[in-house]
Each structure stands twice: as C-alpha cells, then as structure tokens.
Amino acid sequence: MAAAVTVLLDGIASGMLLFVLSVGLSVTLGLMNVVNLAHGAFGMVGGYVCAVLLNRAGVPFVVCLLAATLAAALLGWVLERLLYVRLYGRDHLDQVLFSIGLVFVLGACADWLMGARQQLIQLPEWLSGRVEIAGVGLGRYRIFLILLCGAVAAGLHFGLVRTRFGARLRAAVDDGTVARGMGLPVGRIFSLTFALGSGLAGLGGALGVEVLGLDPNFPLKYLVYFLVVVAVGGANSVAGPFVAAILLGVLDVAGKYWVPQVGAFVIYTAMVALLLLRPDGLLAKARS
Amino acid sequence: MGRLMRAPLHALPWLAAAAGYFLLPEQLPLLSSIAIAALFTVSLDLIVGYAGVVTLGQAAFFGAGAYTAGLLAQNGWGEPLSGLLAAAAVAAVLGLVTAPLVLRSGALAGLMVTLGLGLMLYEAANKAAAITGGADGLQGVEVWPVLGVFRFDLYGQTAYLYSLAVLFVLFWLAKLIVASPYGLSLRGINGNPRRAPALGVPVKARLTAAYALAAAYAGVAGALLAQTTAFVSLDALSFQRSADGLLMLVLGGLGSLYGALIGAAAFTLAHHALSEASPIFWQLWLGIALIALALFGRGGLMGLLRKLSRSRGA
C-alpha cells in the first residue's frame, strides 16, 4: 500500500515535470501547426545551463533554475525570429527536416562542449532526502516538483484564460488572418509564445537533470513523451496536456516499477491507440 | 536538352557503380551499403516524394524485412532470392495492415502514428530477445550462394554485385510504376488532394497501395543488409534509420528516383569521411545541411543538376 502511494506520487511528480517540458510543444505543434521535433533541445539547453552554473560556479539552485529558463527562452526567441518564422505554413516535411537538423546541431554542440557523459548535479540540502508523512516516505525533491510545476500550470491556465495576452494568443491562433486584420501583432505574439514555451522547456530540463538524466541525446530520447503529451492532451487548453502528462507519468513510473520487462512498449501502444481513437486529444469534444 | 541527348545520363549512375567495383576493390562493403541505402531511399521516394505521405517510421519495414530474411537464414533456409521475396511479402503485409491507421487521421496525427508504430516495433524486437537476439543482434545467419553459384566472399564482391543487381531491377520497376497511370494518379493526389477524388480517383486505395509498395521496397533493402552482412541488429528498426533515409531523399531531391540514388551515395560517402574524423563533426554538419535544405533548397542535388543543365542548354 505504501509502495503504491509512493509510486503514485512519483508518477505525478514526473508527470508534472513532463507537463512543464512539453507544454510549449502543445502550442507550437498543436496551435501553430509547426512540427517542432527540436522542442526537447530547449530542455537540454536549460539542463546544461543549470548543471554548469551549479557545479562549476556554485550558484544557488533556485537561481540556476531561473537562469536556465531565461537562457532557453532567449535561445527560443532568437531561433524563432531567425529561422522558425520562415517555416510557418510550409509543409510538414520541411519542418521535420529543419527541426531534426536543429536537434543534431545543438546535440553536437553539447557533445563538443560538455562531453557525451551523463551530467550529475548535487541538490541543495533542503531538497534532498525524504520526509515521512503518515507513514509514507516521500522524496523532498518530488514534493518540490509537484508544488513548483503545479504553480506553473495554474499560472499558465490563468494567463491563457484571463489575461489580455492570453486572449490575443487565442485569437491569433483561431484565425490569424482576421486577428491581423483587427490590428493584432500576430508575429510578435507568436515569438513571445514560442519564447515562453522554450523557456518552460528549459525550466523542465533543469528540473529534470536529477530525475530524467541529461546527455546530448536528451531531445530525441524524450521526444516521444513530448509528442504523446501533445497528441493525447490536445492543444485547446492547458488542462488537456496537464491531464495527459500526469497520466503518462503515472503509467510510466508504475510500468517501470511493476512490469519492467514490458518497458516502453505500453507507452507507445497507448500513444498509437489514442491517436487513432481521439485524433484531437483526450479532452476534446466529439467533432460535430 | 532533348530526350535522346538525355539517354546516356540514365546510364551514368550504373556506369559509376560498375566502375566502383573495379576501381575500389578495397571499399566494396562501403559500396554495398550505398546500394542498400539507395534502395531504402527509393522506397521513401515512392511514399514521400510521389504519394506525398510523410513518414517517420519507414525503418519499421526495413527492419521487418531484415529480420524476416535473417530468421529464415538462421533457421535453415538460406536461399537469398526467396529470402528477399519473403521479406518483401512480410513488409508489404505489415504496410497493408498499418496503412489504414496512418492514412485515417490528418497529416499531423498520421505522421505521429508512423513514429509510434516504428518505436513499437523496435521495442517489440528489443523485448523478444528469444527470437531476435534483442540488443545482441541476430547471430548465426547463414546465407547460401546466390543462384546456387556465387558464394558470399570475404571481400564483399558477391555482396556488392548482388545488392547492385537487386537495386538495378527494382529501380527500373519503380520507374515503370511511377510512369504508369497508377503513378500519375499518385502525383495527382499529391498535387491536389481535394481535386483527385472529384476526378474519380479512389484516394485511400491508391495511397494504401503506395504505402504497401514502399514498405515492400524497404523490406527488400533490409533483407539485403541482413544477407550481405549475415547479421541483423536492432539498428535496422531505429528511428535514426528512418531519419537518415529522409535526409538522403531530400539531399538528393524528391520525386525523381535518381535523387534517391544520388542522395544515398552522397550521404553515405560524407558519413564515411566525416565520422572517421569525428562523430561529433558529422552530426554537426549533417544538422547544418538539413537546416539549409529545409529552408532554402527543396530540389536537393537533383535540382541543382537540373538548374546547371538548363543554364548550359539556354
């Protein structure tokens, strides 16, 4: 029983992490219709920024997280302005090639600068170890993940539904031509959104060094997980990808814990089945 | 340039391939791998270049063919040509079964289904270690002499000529298919997917057939690899192989079949040269080439050649 609770909470924590990592993709892929297979690369960049600052400069962990977010957001903004903007509306093959190319280039740079080995970080005192709550042992870092990522999700939901920027983004995505005609700066809205999504991926990458590991292969290794979150979650809300990410996290952790011999097969099968049954996402209303 | 003047050009790749046999006797395994990569890229050209269905999971069929031929040879039936046929049949059936899943939903969901199916097959082969050998690969593949006469030798002479002959035959078969009314209808669907059904073209059936055909081609390429190297590893099913195939295709140029040959040769040679210097280097340049191709150069090397010949002709 205690094991089940631990697995459940570990699953929720890694699901939350997955949500932060992939929510940006649900915007680019789901809303802007750009097949961005390089999304994980922004997570990788954030992870390396965090690892370098923490290990070599001794910067406090929370500051590292902030720096990772900003670095990935900046990179995302620059790449969007320079390159991605040319790919909106192009066919999927171009986007696939471009983003695979980007993954290769960034992976090669990471390999060259940091080496191919796994990066390890030392968490600060207040985040390591476990606490006992009602007889169940919980890692402090998992609790931190759940709280932080939960706050991010809540912030995003509020931002998309309640703020002016959220309303503009929804308008720009619903019908770019009309939005442009109404005087909305659609291009700038897209760049900001792209930067935000990349920054969140960077945050996820930094948070994930301890949980998911980090090496130059990171973007391709977790690509499927990101795609599953988007495909299953749909793209019309924050709640869809959130639910999908948590389901995926719990399934993944439980699968690895109880049936390790089946491995990733469950996840892939679930992805294909869900894509076929609900092409618009788990929470989407039935198509009229 | 007129049709007649172009005729010698059609012979050019095959003359180069034959010359390679005599000029580079030390490099025959590399040349074989070019021929196999070229056949795999032809399969991708059929489905991506002609039918317009982008796939990230073509390695599934390559691997299915490789394991079919490898398992047959391992279990006592090492006759190579029937091995190729069996591989083609298995891959085609797999293509027929999965085509409705891929073509059912929109382009984007279909793309992800191909990725998911490819990964599923990889994971299945990985876990079914009792049959496939898992991560250690399929050992003990014994292939009989081709046509009962030509043994597979240490220098790879038979392997190269065998791969080249299969590529030659299947390349011209593909040429015939894409020039047939069926091939033209595929181009029509690719060019305007809404108009094709209005003209009475059964889109789903045509695309399903193209998907299965491309699968069979990829299966034969995989079987060739299994037979000429007497080994099958999980690499045959990897995402990397699907991605590499797309790169070769786009590097050479879509929708001409010759682009597949040129792209596969250029890619494999560049890989050989650059990754000898350093694998990181190779990855970096490959990435840069991809980005440049995606942004600027849709025609690939074939497009470049066409431009050159046009400007000279004018």
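Based on the alpha carbon coordinates of the stretch A:27-152, what radius of gyration and maximum Cα-Cα distance (Dmax) apply, in Å?
For the stretch A:27-152, the Cα radius of gyration and maximum Cα-Cα distance read 17.9, 56 Å.
Of A:23, A:232, A:59, which has the largest mean-square fluctuation in a 10 Å C-alpha GNM of chain A?
Taking springs between Cα atoms under 10 Å, the residue moving most is A:59.
Over 33 Å, how big is the tail of the calculated P(r) for chain A, in percent of all Cα pairs?
20 percent
Counting other beta carbons within 10 Å of each Cβ, put A:142, A:56, B:104 in order, fewest first.
A:56, B:104, A:142
At 24 angstrom or more along the helix axis (alpha-carbon based) and mean Kyte-Doolittle of 1.6 or higher, what helices does chain A contain? Whole DSSP H runs only.
A:2-25, A:61-82
Among B:246, B:101, B:154, which one shows the highest mean-square fluctuation when chain B is modelled as a Gaussian network with alpha-carbon springs under 10 Å?
B:154
Which listed residue (A:212, A:45, A:75) has the Cα farthest towards the positive end of the charge dipole for the stretch A:2-277, taking +1 on Lys and Arg C-beta and -1 on Asp and Glu C-beta about the Cα centre?
With unit charges placed on the Cβ atoms, the residue in question is A:75.
Report, in cubic angstrom per residue, the convex hull volume of the C-alpha atoms of the stretch B:29-176.
Hull volume normalised by residue count: 122 Å³.
Quick query: amide H of residue B:232 versus all other amide H atoms, modeled in the peptide plane; which residues come in under 5 Å with a sequence gap of 5 or more or a different chain?
B:138
Can you tell me which lysines have their Cα less than 20 Å from the Cα of residue B:127? Leave out same-chain residues fewer than eight positions away.
A:221, A:256
Please rank A:50, A:149, fewest neighbouring Cβ atoms within 10 Å first, as an exposure proxy.
The most exposed by this proxy come first: A:149, A:50.
For chain A, set up a GNM with springs between Cα atoms under 10 Å and report which of A:26, A:14, A:99 has the largest fluctuation.
A:99
How high is the relative contact order of chain B? Use alpha-carbon pairs under 8 Å, at least six apart in sequence, and give a whole percent.
Value for chain B: 32 percent.
With a cap of 15 neighbouring Cβ atoms within 10 Å, and only residues DSSP puts in a loop, list the chymotrypsin sites (Phe, Trp or Tyr not before Pro) found in the stretch B:20-114.
Listed in order of number, the matching sites are B:77.
Distances over 46 Å make up what percent of all Cα-Cα pairs in the protein assembly as shown?
Distances greater than 46 Å cover 18 percent of the Cα pairs.
³J(HN,Hα) across the stretch B:299-304 via Karplus (A = 6.51, B = -1.76, C = 1.60, θ = phi - 60°), whole Hz, x for Gly/Pro?
x, x, 5, 4, x, 5
With the alpha-carbon atoms as the only input, what is the per residue convex hull volume for chain B in Å³?
Cα-based convex hull of chain B, divided per residue, equals 152 Å³.
Taken together, the values in this text are just the output of simple stated rules run on the coordinates, not laboratory data. Quick caveat, the model's predicted, so the values are computed rather than measured. Quick reminder, even Gly has a Cβ in these numbers, built from the backbone with ideal geometry, and neighbours come from all protein chains shown.
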